[in-house]
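> Can you keep this structure in mind? I'll have questions shortly.
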Amino acid sequence: MSPSDCNSRSNTQADQSLSLHSLPLFEIYGRKSVRTFFDFSHTNEPKKLDVKCIPQLFLKNLSCVSKVKVLSFLLGSAVTFIVMASYILMLDKNVPLFTTIPYELRPVGTLASINTTRVSFERSLIDVKLLEKIISSIQEYTSRKVPDEKDVIATDTHLFSVLPRQFLPGIKSPCWYEEFSGKVSGKRITDPYMKNHFMFSSRFSNVCHNLRANFHLHLTQRDGKHYRLRCLPYFYIIGQPKCGTTDLFNRLLLHPEVKFNTMKEPHWWTRKRFGYISFKDGFKRNIPVEHYLDLFDLAAHNIQEAVSRNTSEDHRAQHVITGEASPSTMWDNQAWSYIHRDRVETEPPFLVQDFIHAVQPDARIIIMLRDPVERLYSDYLYFTTAHKSVEDFHQKVTESVQLFQSCLSERSLRFCVYSASLINSMPVRLNLGMYFVYIRDWLTVFHREQILVVQLENYGTDLKVGMKKIFDFLSVGPLSKDLETALTKQSMSNTRRTKDTKLGPMLPVTRNLLSKFYQPFNHELARVLNSKAFLWSNS
């Protein structure tokens with residue numbers, strides 16, 4: 001064999017060794033070809049290197065390395081170093097505004113770095129020790145200590161000074177008369193919605209425009225004072241995100257006894273009353289409870305008209321109910337991490353359900369749930385704005401599991417599920433699929449019969465049966481045949497976008513990872529709800 005033959009074969013073999021296809025990661029992602037700065041592989045099939053050529057080629061190859069390749073390698077190394085350094089510096093600026101992150105965030109910027117950190121499911125992430133830790137944490141999980149009502153009231157004295165302790169009898173919705181503080185002179189009155197902070201919603205703004213015109217007709221006079229009817233939601237659709245809450249909201253609107261507020265998701269109890277939308281945006285002007293009540297004035301005016309006429313037809317109108325559907329209500333208690341940041345707490349001192357129960361102990365609660373594996377993927381596709389891919393989703397999932405594992409090694413399960421710093425560190429919202437933690441905590445203040453848990457998969461299979469169950473829970477009358485037909489024929493709301501559908505399903509390795517991770521949580525959920533349907537065994 002000639003030296004030239006040896007040289008040709010060794011170059012091919014050396015180039016192949018630099019190919020990303022030779023790395024273990026390629027086994028995870030199948031046969032997708034991934035090219036980088038360092039992928040110099042040729043298209044010809046590499047042949048086996050003849051061992052006899054090695055002594056002849058060792059020194060020769062040192063002098064035959066292309067200057068272009070050397071420069072390309074050095075340039076690629078410099079660029080990679082700069083990109084990674086910039087990425088790390090950017091991470092330092094993405095720390096949540098009001099909380100510190102006690103858990104190491106390992107950036108995974110390229111497929112090569114994924115391989116370096118060995119994030120494959122089978123070898124590192126969901127190992128026996130983590131599963132055992134999750135199971136033991138669930139077994140040790142105890143009911144939270146519910147704060148005294150006086151302590152709840154003391155946190156927001158204005159809220160409880162505006163909302164009454166009792167509501168009007170004979171009206172199904174929680175309503176009461178509130179003195180109107182504006183000036184009234186015939187048809188001319190002070191604009192009741194002039195300063196409302198929800199005016200950013202065009203729908204609400206249009207409703208207010210119509211309500212202003214006849215607002216004076218909905219005032220009741222007594223002892224020289226004017227009063228307006230105020231109402232709170234009769235029921236709350238509290239979660240979870242990407243579990244069908246929008247579709248349920250739209251179908252409920254078809255029932256003549258259901259009059260929703262003019263915004264599906266006010267997010268008032270969890271966010272707007274504290275003045276924030278998300279921690280990355282910081283705190284802004286908080287929205288007072290009076291502005292939240294304005295959202296239900298349309299229903300209040302309908303009820304007020306029925307009370308004024310007091311006919312048999314209007315008697316049914318007095319049973320009109322209203323509700324709201326903020327999917328953050330079930331889980332988002334991050335504001336308390338800021339308000340009580342001076343405390344050393346192992347879990348939030350107050351939860352949103354403490355306040356809703358203190359105001360409305362008879363409220364009806366609807367929870368929509370979905371296979372947590374599919375929920376997380378849908379959540380990723382909906383909220384990720386750029387560079388979406390099944391590989392990117394896998395990166396974010398594995399990183400989030402690592403962060404949760406780190407937290408659970410030091411803290412309790414409830415702490416990790418509610419931790420604002422952990423939530424804001426995770427690239428995907430892994431914690432939102434740990435349903436049983438939230439439901440058990442809601443059951444500490446509300447009775448089981450006040451909470452209806454709907455499984456999205458069953459709901460979508462037979463809408464007629466699913467909606468009847470919800471109507472019965474809300475104690476509203478049956479629909480006419482025409483409305484029932486319209487309800488079942490209405491297309492599903494907020495489905496996956498076409499461009500997201502083209503990405504296809506998540507990688508099998510990602511599904512396997514998430515199925516194993518959520519399995520202990522699903523088992524506990526099925527036990528709490530006494531239904532095997534929530535095992536989602538087909539994940």
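> Across the stretch 265-282, what is the number of residues that are open to solvent by 10 Å² or more (accessible area, probe 1.4 Å) and either at pLDDT below 70 or part of a loop (DSSP other than H, G, I, E, B) (or both)?
8
> Just to verify a result, which residue in the stretch 250-264, among those that are among the aliphatic types (A, V, I, L, M) and open to solvent by less than 10 Å² (accessible area, probe 1.4 Å), is nearest to SER491 (Cα to Cα)? Quick ask: steps written out before the conclusion?
From the stretch 250-264, those among the aliphatic types (A, V, I, L, M) are 252-254, 258, 263; that's our starting set.
Now drop any that are not open to solvent by less than 10 Å² (accessible area, probe 1.4 Å), which leaves 252, 258.
Working: LEU252: 14, VAL258: 20 Å.
Ranking the candidates gives LEU252 first.
> Then there is this: For residues in the stretch 288-319 being open to solvent by 10 Å² or more (accessible area, probe 1.4 Å) and in a loop (DSSP other than H, G, I, E, B), which is modelled with the highest pLDDT?
For the stretch 288-319, the residue satisfying everything is PRO288.
Rundown of residues vs (1) out of contact with any Ser or Thr (no Cβ under 8 Å at 6 or more places or on another chain); (2) farther than 30 Å from PHE517 by Cβ; (3) open to solvent by 60 Å² or more (accessible area, probe 1.4 Å); (4) small (Gly, Ala, Ser), yes/no style:
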residue: LEU430; (1), (2), (3), (4): no, no, no, no
residue: TYR435; (1), (2), (3), (4): yes, no, no, no
residue: ARG440; (1), (2), (3), (4): no, no, no, no
residue: GLY460; (1), (2), (3), (4): yes, no, no, yes
residue: PHE471; (1), (2), (3), (4): yes, yes, no, no
residue: LEU474; (1), (2), (3), (4): yes, yes, no, no
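Yes/no matrix, rows are residues, columns are (1) open to solvent by less than 40 Å² (accessible area, probe 1.4 Å); (2) more than 18 Å from LYS516 (Cα to Cα):
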{"site": "LEU381", "(1), (2)": "yes, yes"}
{"site": "THR385", "(1), (2)": "no, yes"}
{"site": "VAL397", "(1), (2)": "yes, no"}
{"site": "SER400", "(1), (2)": "yes, no"}
{"site": "GLN405", "(1), (2)": "no, no"}
{"site": "LEU408", "(1), (2)": "yes, no"}
{"site": "ARG414", "(1), (2)": "yes, yes"}
{"site": "ALA420", "(1), (2)": "yes, yes"}
{"site": "ILE423", "(1), (2)": "yes, yes"}
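> Then there's this: How about the stretch 494-527: which of its residues are open to solvent by 30 Å² or more (accessible area, probe 1.4 Å) and either over 19 Å from SER537 (Cβ atoms) or not in a helix (DSSP H, G or I) (or both)?
ASN494, THR495, ARG496, ARG497, THR498, LYS499, THR501, LYS502, LEU503, PRO505
> A further question on this structure: What's the number of the condition TRP176 fails, among (1) part of a loop (DSSP other than H, G, I, E, B); (2) in contact with a Phe, Trp or Tyr (Cβ under 8 Å, 6 or more places away or on another chain); (3) more than 15 Å from PHE215 (Cβ to Cβ)?
(1)
> Within the stretch 182-204, how many residues turn out to be out of contact with any Gly (no Cβ under 8 Å at 6 or more places or on another chain), open to solvent by 50 Å² or more (accessible area, probe 1.4 Å) and assigned to a loop (DSSP other than H, G, I, E, B)?
Residues flagged as out of contact with any Gly (no Cβ under 8 Å at 6 or more places or on another chain), open to solvent by 50 Å² or more (accessible area, probe 1.4 Å) and assigned to a loop (DSSP other than H, G, I, E, B) within the stretch 182-204 amount to 5.
> Now, a different point. Cβ-Cβ distance below 8 Å, separation of 6 or more or different chains: which pairs start in the stretch 124-153 with a residue that is within 19 Å of ARG411 (Cβ to Cβ) and end on one that is β-branched (Val, Ile, Thr) and open to solvent by 20 Å² or more (accessible area, probe 1.4 Å)?
SER143/THR444; ARG144/THR444
> Of the conditions (1) over 30 Å from VAL128 (Cβ atoms); (2) among the small types (Gly, Ala, Ser); (3) under 20 Å from the mean Cα position of the chain (by Cα), ALA486 clears all except one; give me its number.
In the conditions (1) over 30 Å from VAL128 (Cβ atoms); (2) among the small types (Gly, Ala, Ser); (3) under 20 Å from the mean Cα position of the chain (by Cα), ALA486 misses (3) alone.
> Quick check on the stretch 326-337. Is at least one of its residues over 21 Å from LYS150 (Cα atoms), crowded, with 22+ Cβ neighbours inside 10 Å and hydrophobic (A, V, I, L, M, F, W, C)?
Yes, the stretch 326-337 contains at least one residue that is over 21 Å from LYS150 (Cα atoms), crowded, with 22+ Cβ neighbours inside 10 Å and hydrophobic (A, V, I, L, M, F, W, C).
> Restricting to the stretch 377-410, name every residue that is within 19 Å of THR501 (Cα to Cα) and not in a helix (DSSP H, G or I).
Correct list: THR384, THR385, ALA386, HIS387, LYS388, SER389.
> Just name the residue that is most open to solvent (accessible area, probe 1.4 Å) out of those in the stretch 205-249 that are over 30 Å from TYR377 (Cβ atoms) and in a loop (DSSP other than H, G, I, E, B).
Residue satisfying both the conditions and the ranking: ASP223.
The values are calculated or read from the model by the stated rules, or taken from the named source; none is laboratory data. As the structure is a prediction and not an experimental result, all values here were calculated from the model. With ideal geometry, Cβ positions are generated from the backbone for all residues, glycine too; neighbour counts draw on all protein chains shown. Heads up: the accessible areas ignore ligands, DNA and RNA and are worked out on the full protein's heavy atoms, side chains in. Shrake-Rupley method; radii C 1.70, N 1.55, O 1.52, S 1.80 Å.
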